Amino acid sequence: QVQLVESGGGLVQPGGSLRLSCVTSGIIFSLHRMGWYRQAPGNQRELVAIITSSHSTDYLESVKGRFTISRDNAKNTVYLQMNGLKPEDTAVYSCKADYLRNVYWGQGTQVTVSA
């Protein structure tokens, strides 16, 4: 069956860095557009970064210049490198894979930015 498993979240001080990973199985990874989303308590889920099958990327305005999304098709994995973290980046981060009408989500990983 299809699985998306995120890892790499945790507690980090403001200005720190984290690298999130999302390992997928059960899909033809190279065909899928991959995205990182986040949801903070009381807020709607928002798109943080997206990377297409052709490696085009786009970012939420507030993370541009700080976050980098990348993918390794050989490892069926998408990454989110997060630098210069701010308290407002605190949220549950989830990855999503989509291709045509197929959409799959991971379970999420908590990122907490606090002194």
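Computed quantities for the displayed model
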| read-out | value |
| --- | --- |
| Sequence of ASP58, ASP89 when ordered by accessible area, the most exposed leading, probe 1.4 angstrom | ASP58, ASP89 |
| For the chain, share of DSSP beta bridges that run antiparallel, in % to the nearest 5 | 95 percent |
| GLU88-SER7 pseudo-label distance in nm [points 7 Å out on the Cα-to-Cβ vector] | 3.2 nm |
| Proximal charge balance of VAL92 [Cβ under 11 Å; K/R count +1, D/E count -1] | +1 |
| Per-q log10 I(q)/I(0), segment 1-51, q = 0.16 Å⁻¹ (Debye; single scatterer per alpha-carbon; no solvent) | -0.63 |
| Portion, in percent, of the accessible area of the chain that falls on carbon or sulfur, probe 1.4 Å | 47 percent |
| Spin-label model distance (nm) - GLN39 vs ALA115, 7 Å beyond Cα toward Cβ | 3.1 nm |
| Neighbourhood charge, 13 Å Cβ-Cβ cut-off, centred on GLY10 and excluding it, Lys, Arg +1 and Asp, Glu -1 | -1 |
| Average accessible surface area per residue within the chain, 1.4 Å rolling probe, Å² | 53 Å² |
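The values are calculated or read from the model by the stated rules, or taken from the named source; none is laboratory data. Everything numeric here is computed off the predicted structure, so don't read it as measured data. We place every Cβ from the backbone using ideal geometry, glycine too, and count neighbours over all the protein chains shown. Note: accessible area is taken over every heavy atom of the protein model, side chains too, but ligands, DNA and RNA are not part of it. Shrake-Rupley method; radii C 1.70, N 1.55, O 1.52, S 1.80 Å.
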